Amino acid sequence: MLLIHCPYCDETLPEAEFAYAGEAHVDRPADPMALSDDEWAAFLFIRSNPKGVHAERWRHVHGCARFFNAERDTVTDAFVSTYRAGEPRPGTKCSAGAPAGDDMKVAAE
Amino acid sequence: MSTHRIAGKGRFDHGGPVRFTFDGKRYEGRRGDTIASALLAHGVHLMGRSFKYHRPRGPVCAGTEEPNALVETSRGKGRFEPNTRATAQELREGLEVRSQNRIGSLAFDLQAVNDLVHPLFSAGFYYKTFMWPRSFWDRVYEPVIRRAAGLGRAPDAPDPDRYAHRNLHTELLVIGAGPAGLAAALAAARAGAEVTLVDEHAEMGGALLSDPDVVIDGKPAWDWLAAALAELDRLGVRRLTRTTAIGYYHQNFVGLCQKLTDHLDEPPEGAPRERMWHVRAVRVILAQGALEKPLVFDGNDRPGVMLAGAAQTYLNRYGVLVGDTPAIVTSHDSAYHAAFDLADAGAKVAAIVDVRAAPGEGVLVEARRRGIEVLTSHTVTGTNGRLRVKSLRVAPVSGGRVGAARTIACDCVLMCGGWTPSLHLFSHTKGTLKWDEALDAFLPDRSAEECHIAGAGRGLWGYGAALADGAEIGVTAARALGLDAEAAAPVVERDRTGTGETFKELPTDGDAGRKRAFVDFQNDVTAKDIRLAVKEGMRSIEHVKRYTTNGMATDQGKMSNVNGLMIASDAVGKAPPQVGLTTFRPPYTPTTFGAFAGYHRGRHFEVTRRTPIDPWAEAHGAAFEPVSLWRRAWYFPKAGEDMDAAVARECAATRGSVGIFDASTLGKIEVQGPDAVEFMNRMYTNPWTKLGIGRARYGLLLGEDGYIRDDGVIGRLGEDLFHVTTTTGGAARVLNMMEDYIQTEWPDLKVWLTSTTEQWATVALNGPNARRVLEPLVEGQDLSAEAFPHMSVAECTVAGFPARLFRISFTGELGFEINVPARHGLALWEALMKEGERYDICPYGTETMHVLRAEKGFIIVGQDTDGTVTPDDAGLSWAIGKKKADFVGMRSLRRPDLVAEGRKQLVGLMTEDGDVKLDEGAQVVADPEQALPMKMIGHVTSSYYSAALGRHFAMALVEGGRDLEGRDVFVPTPEGIRRATVTTTAFYDPAGERLKV
């Protein structure tokens, strides 16, 4: 069982208190109807699925109930960082919501 | 009569006998014996039959890695256990032990015929033998294989024992209390660390228990051990024996299974049998030692053939001499010490056969001093003896050629093929291993956790080395904890050092293909099988393993993996690390389900949620059904009624007069705040801006992919307040989804969500007399059709309780849903029942609710939808706000696949014969004459008998279903193909006249 640091409670707690909630920094488009079918499909279905550090969302569902973001290494399962929703990914210059893309490699290094 | 118990030998009290039976025969053992040591004391080696060939087998080892001596044990009713390791289970008074995996007696097993036809059972025989004819599989092969397969019988009574769970946080967890683990625990505890030390055996000491002659710090080994344990206790170290570290998980989370009562004659009443410890340690030291490997030669599996180290343990720890004339076969110096100990205890050692050319000089001197014949550069070409080994054929090997053989008489063969560092737990953590050329063994490489490995686990040999390393690692761990520590390695005299070599199967004369040289005893895998697998194309050890089943038995190949690898790598022609090592997975040893389940069984397995009205339903004989975690009243049978009769009566009573239903389980979410209406507009498909205060609307919730997720009636109680209802099972999911959007997509919206599911009790009244029953109890709200039309909501008083009153209908009848604070739910129900007496008010359950809603074509999300159904598929396009710019899932409704022709649509099905009920889930086909496999165009989602229609009816999702209206489709059933006509889903009162009252 993993230990996870909740950035809102500022406590490190067992995984059983948390729920996984998919990849982070995938923003819902402001005007979905303006998107082409392909663009919308990319938002709906395409995720980065890296081997290495992955930015992802967790919810402290049996605690403060807040959604937050985390960087976790998908090879070792080790958490690199956790941070509040809306904050930029640590070690990247991109603002929250910018596509992760190449920044993923920066964080992995 | 213990023929092989040696006076003055052994760790424990030779007094009071412990009585037990083996295959019905009475035996006596000593307190502290295992089943195996007690039987060996009586000269009994034959303890089981092998899995595939049913060959007679005896114990190979003296620990939990035992592959052969698996027995059934019974400690009374319900306390039956198959596959108990005779080498690990301690005796207790009255223990019943039976051999397993045999037909007939253990000495004469009818299934041993398998051994005579063993060429039929070569590697991969399943895939080769049972291919044809295909029709034989179901009728012949499978039943026979099922009957023959498996070790032992499954218990057939519920387990009456209790199992406990406990959490533990510790600074330093030391796994293994052999010399390295003890030294590590001592060093760390002396430095002030908070230490937990665990060992799977009944006693701590590890190999020291089998080597009393070693001298440590000037004291005999056992005196040093006693002093060390006493010091650990003084230092406050938590010591757990009979405790196996079964799994090592992330962030130093270790599962320990502690056996508490299996060794006790009379366990205390109510005491747990086992306890699972969930340990979180800052640092972990693995001091699990090494496992002795067998040598691979023809007939190495006969009873009486065992590991040399095991024989040494039986002698020194249990006072049992496993044979009078042992022959030793070895490739490691350690077996010499076993030979010396047995010789010194009175055994006549027949010979030491060493596969190597040059054993250690020290052991050769000792052997000569005792007059033991040593044959170097020799191989074993076979053994003899049916139920017990009688002799050994040995031959010199020179330049790869096997010379003339000679036969050596013996009554046991003690083998040693070297030692494998026990790195199972380290592998659980994804720590990497590295092949060591000098040791021919995998050693730990990179660690993924805050863990250290000490002693034989990292390839060190000898007590001095293990103790020094343990002390050093203990200091390292203590310093990592921020403590000051100094290492003090004990001084060891009369150490038993040595080296060895690792071999593939031993060279033999004659036809190697006819030799039965076992690698994996438990799964009956021979060297020939592994070579055959390579010949047939397997190159990776993972493939060889699966094809031959080498290492796939319950011992996870603790003895067989490295031998299998040596043979496979020789056959492939590559170095062992290139062929690879299979992955070890938890648990380290087989673990009872009870230990995992712990307290979470029976009523404690899962919570049962009950509504405030549940006690009334129970008192009135309701049948219940589980709906997610809720227990809901299913129907209320009267005397003599079955479910169909009760449901038909409840339906008729509701449509005829009035029915009452406990709807408290409906999910309820309060949506509140200045932006509540904007939030509702964005979440639900429907428009909410113009919904007036005091009005309610059916709400449909989609996922972003456009598929239906949930639905429910939503009432507007104020400018900024909505009372949202969800499906019973969807309440938590919907709240999670709403919170997700509020917190992460639209944090600017001023809106707050509160789950109120358990705050409100909800009672539904339905039927033409519903208003008449309710009206006298309501204050503060005019219930007339004009003042309170269909789809209204009001806050008022009902039966004296503050209430949120909805006029809505899930039945097609005049309907009300009354929400009162949960604590008043039962009183409200009783008041309504009393008021309804004159209208013959009828309580109904979930089944009648389902029938009544289906008669109106109302969907149940999750029954009539399955996560791939759009609003249009379900006939709910009307629920979508046409002028809305956006809502969750809106964009997806224009995706090409979601607007394509031929999607499955929800339709009604009327069977040709109204008495025929279609099964929910049954497949729908267009043409029953088509060739198999038929093209399935849909499936039945709901199917009931309708009292109102006087016949059965169904709903189904059918491709292009609405275009098929009036046409026939066919539903294959076990009774034959049924014809059914496609209809709309408005089966009853399609114009909704009954609501207009």
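Observations, loosely collected:
- When residues in the stretch A:55-64 are screened for being more than 10 Å from chain B (Cβ to nearest Cβ) and touching a helix residue (DSSP H, G or I) at 6+ places or on another chain (Cβ under 8 Å), 4 of them pass.
- The condition of being on the phi > 0 side of the Ramachandran plot and at pLDDT 95 or above holds for B:ARG242.
- Number of positions in the stretch B:377-390 that are hydroxyl-bearing (Ser, Thr, Tyr) and surrounded by fewer than 19 Cβ atoms within 10 Å (Cβ to Cβ): 1
- Whether a residue is touching a strand residue (DSSP E or B) at 6+ places or on another chain (Cβ under 7 Å) and closer than 27 Å to B:GLY289 by Cα was assessed, and B:ALA38 passes this test.
- Test: residue in the stretch B:639-647 that is crowded, with 17+ Cβ neighbours inside 10 Å, in contact with a helix residue (DSSP H, G or I) (Cβ under 6 Å, 6 or more places away or on another chain), assigned to a loop (DSSP other than H, G, I, E, B) and not assigned by the TED database to the domain that holds B:LEU433: no
- Residue, farthest from the other protein chains (Cβ to nearest Cβ), within the stretch B:226-262, restricted to residues that are part of a loop (DSSP other than H, G, I, E, B) and of a type in the set (A, V, I, L, M): B:LEU235
- Among the residues of the stretch B:662-704, the ones that are open to solvent by 10 Å² or more (accessible area, probe 1.4 Å) and either within 40 Å of the chain's Cα centre (by Cα) or farther than 26 Å from B:LYS883 by Cα (or both) come to 4 in all.
- The residue of the stretch A:1-47 that is most open to solvent (accessible area, probe 1.4 Å), among those that are within 11 Å of chain B (Cβ to nearest Cβ) and among the charged types (D, E, K, R), is A:ASP38.
- Subset of the stretch B:84-117 [open to solvent by 40 Å² or more (accessible area, probe 1.4 Å) and either assigned to a strand (DSSP E or B) or closer than 17 Å to B:ARG19 by Cβ (or both)]: B:GLU93, B:GLY94, B:GLU96, B:ARG98, B:GLY104
- Members of the stretch B:341-378 found to be under 45 Å from the mean Cα position of the chain (by Cα) and either in a loop (DSSP other than H, G, I, E, B) or within 15 Å of B:ALA310 (Cα to Cα) (or both), listed by number: B:ASP341, B:LEU342, B:VAL355, B:ARG356
- Residue in the stretch B:858-880 that is nearest to the chain's Cα centre (by Cα), counting only those that are free of Cβ contacts under 8 Å to residues at least 40 places away in the same chain and within 21 Å of B:SER809 (Cα to Cα): B:SER877
- Residue count for the stretch A:65-84 under the criterion of being part of a loop (DSSP other than H, G, I, E, B) and either within 11 Å of chain B (Cβ to nearest Cβ) or open to solvent by less than 20 Å² (accessible area, probe 1.4 Å) (or both): the result is 6.
- Hey, B:ASP520 on the phi < 0 side of the Ramachandran plot, open to solvent by less than 10 Å² (accessible area, probe 1.4 Å) and either not β-branched (Val, Ile, Thr) or not assigned by the TED database to the domain that holds B:VAL394 (or both) or not: yes
- Subset of the stretch B:735-765 (residues that are in contact (Cβ under 8 Å) with a residue 24 or more places away in the chain, touching a strand residue (DSSP E or B) at 6+ places or on another chain (Cβ under 8 Å), of a type outside the set (Gly, Ala, Ser) and within 14 Å of another protein chain (Cβ to nearest Cβ)): B:LEU735, B:MET737, B:MET738, B:ILE742, B:TRP752, B:LEU753, B:THR754
- Selection from the stretch B:387-440 of residues that are of a type in the set (Val, Ile, Thr) and either outside any loop (DSSP other than H, G, I, E, B) or away from chain A (no Cβ under 14 Å) (or both): B:VAL389, B:VAL394, B:VAL397, B:VAL402, B:THR407, B:ILE408, B:VAL413, B:THR420
- Residue within the stretch B:651-661 that is open to solvent by 10 Å² or more (accessible area, probe 1.4 Å), over 23 Å from B:GLU817 (Cβ atoms) and either more than 14 Å from chain A (Cβ to nearest Cβ) or not basic (Lys, Arg) (or both) present: no
- Condition check for B:ALA335: open to solvent by less than 30 Å² (accessible area, probe 1.4 Å), in contact with a Cys (Cβ under 7 Å, 6 or more places away or on another chain) and either part of a helix (DSSP H, G or I) or closer than 17 Å to B:MET415 by Cβ (or both): yes
- Here B:PHE12 passes the criteria (1) part of a loop (DSSP other than H, G, I, E, B); (2) open to solvent by less than 30 Å² (accessible area, probe 1.4 Å); (3) of a type in the set (Phe, Trp, Tyr) except the one numbered (2).
- Looking across the stretch B:956-982, the residues that are in contact with a Phe, Trp or Tyr (Cβ under 9 Å, 6 or more places away or on another chain) and either surrounded by fewer than 19 Cβ atoms within 10 Å (Cβ to Cβ) or of a type in the set (A, V, I, L, M) (or both) come down to B:ILE977, B:ARG979, B:ALA980.
- Residue pairs meeting the criteria (Cβ under 6 Å; at least 6 apart or on separate chains; first modelled with pLDDT of 95 or more, in the stretch A:5-28; second among the basic types (Lys, Arg) and open to solvent by 30 Å² or more (accessible area, probe 1.4 Å)): A:PRO7/A:ARG84; A:TYR8/A:ARG66; A:ALA21/A:ARG57; A:GLY22/A:ARG57; A:GLU23/A:ARG47; A:ALA24/A:ARG57
- Evaluating B:ALA38 against the criteria (1) buried (at least 24 other Cβ atoms within 10 Å of the Cβ); (2) in a loop (DSSP other than H, G, I, E, B) leaves one unmet condition, (2).
- Meets criteria (among the aliphatic types (A, V, I, L, M) and not in a helix (DSSP H, G or I)) for B:MET566: no
- The stretch B:396-419: number of residues that are modelled with pLDDT of 95 or more and basic (Lys, Arg): 1
- Selection count, the stretch B:251-269, where residues are within 12 Å of B:TYR163 (Cβ to Cβ) and surrounded by fewer than 14 Cβ atoms within 10 Å (Cβ to Cβ): 0
- Enumeration of residues in the stretch B:534-561 that are over 13 Å from B:PHE518 (Cα atoms) and outside any loop (DSSP other than H, G, I, E, B): B:VAL534, B:LYS535, B:ILE541, B:GLU542, B:HIS543, B:VAL544, B:LYS545, B:ARG546, B:TYR547
- Taking the stretch B:871-904 as the range and being away from chain A (no Cβ under 14 Å) and open to solvent by less than 30 Å² (accessible area, probe 1.4 Å) as the test, the residues that pass are B:PRO871, B:ASP873, B:ALA874, B:LEU876, B:ALA879.
- The stretch B:696-730, residues that are more than 14 Å from every other protein chain (Cβ to nearest Cβ) and small (Gly, Ala, Ser): B:ALA696, B:GLY699, B:GLY712, B:GLY715, B:GLY718, B:GLY729, B:GLY730
The values are calculated or read from the model by the stated rules, or taken from the named source; none is laboratory data. Just so it is clear, the model here is predicted, and its values are computed rather than measured. When we count neighbours, we look across all protein chains shown, and the Cβ atoms used for this are built from the backbone with ideal geometry, even at glycine. Side chains included, ligands, DNA and RNA excluded: accessible areas come from the protein's heavy atoms. Shrake-Rupley method; radii C 1.70, N 1.55, O 1.52, S 1.80 Å.
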